[in-house]
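Since the structure comes first, as structure tokens, the remarks are kept for the end.
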Amino acid sequence: MPAPVIFIDYENTQPADLDLLMDKACVVKLFLGVNQKSLPTEVSKALQPLGKSVEYVHGKHSGRNAIDFLLTYRIGREIEADPSQHFYIVSKDRDFDSLVKHLRADSVQCTRVETIGGIFGISPIAVETDPRIDAIVALLTGMKSAKPRRARTLRSTISAKFGLPDGPELETIVAQLQSRRFLTETAGKVTYK
């Protein structure tokens, strides 16, 4: 049985459980948007042990669904090369579900999951919400039209208010804001719900 091929829509979903891939026979294709120029150290450390089994695919064009179309194209190429593989799409974007249904109708094994753990049947672990989240939501809500519109500005606003350096703690807070569906980040831009 060939190793599963895992397509990570990193522009949409930044999985916190990449370490689950360690010691697994798999191929990982990490799709990055045009504005994603670097990866957090934790991501690099988690993927480094996989060596040549990891491919970083940088989008060359921006625009709505640009990475989604690139990812779909690359899945098609992989299916053409070896249709017996099992493909996983790691993304919170439910638009991929129609692709998955189409591929399954053609007897291609394909599954969309929101976490790496979903590939291995591991449920996401409930993470205790940071008590500062409510204060951050209140701060950003009070800013009305002056809310940060760029990911970098959002992080510096939170960092300045709570004295947090760049790093895992700040990224966890931003991830919790996203999981609460208070905001979304796409290609370095922030949208509030």
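The values are calculated or read from the model by the stated rules, or taken from the named source; none is laboratory data. The structure presented is a predicted model; accordingly, all values stated were derived computationally and were not measured. Neighbour counts run over all protein chains shown; Cβ positions are idealised from the backbone, glycine included.
Against the condition assigned to a helix (DSSP H, G or I), within 14 Å of the chain's Cα centre (by Cα) and not assigned by TED's automatic domain parsing to the domain that holds Pro168, how does Val100 come out, does it pass? Taking the combined requirement at face value, the residue does not satisfy it.
Taking the range 66-82 as the range and being free of Cβ contacts under 8 Å to residues at least 40 places away in the same chain and either under 12 Å from Phe7 (Cβ atoms) or surrounded by 13 or more Cβ atoms within 10 Å (Cβ to Cβ) (or both) as the test, the residues that pass are Ala66, Phe69, Leu70, Thr72, Tyr73, Gly76, Arg77, Ile79. One residue stands out among those in the range 119-132 that are in a helix (DSSP H, G or I) and modelled with pLDDT under 85: the one that is nearest to Phe162 (Cα to Cα), which is Arg132. The single residue among Leu140, Leu164 that is assigned to a loop (DSSP other than H, G, I, E, B) and either farther than 17 Å from Gln36 by Cα or in the same structural domain as Thr41 (by TED's automatic domain parsing) (or both) turns out to be Leu164. Applying a threshold of 9 Å to beta carbon distances and a minimum spacing of six or more residues, or different chains, the list of pairs starting in the range 96-123 at a residue that is more than 19 Å from Asp68 (Cβ to Cβ) and without any contact (Cβ under 8 Å) to a residue 40 or more places away in the chain and ending at one that is of a type outside the set (S, T, N, Q) and part of a helix (DSSP H, G or I) reads Asp106/Ile79; Gln109/Leu103; Ser123/Gly117. Just one residue in the set Lys92, Lys45 is surrounded by fewer than 18 Cβ atoms within 10 Å (Cβ to Cβ), among the basic types (Lys, Arg), under 30 Å from Arg180 (Cα atoms) and touching an Asp or Glu at 6+ places or on another chain (Cβ under 7 Å); that residue is Lys92.
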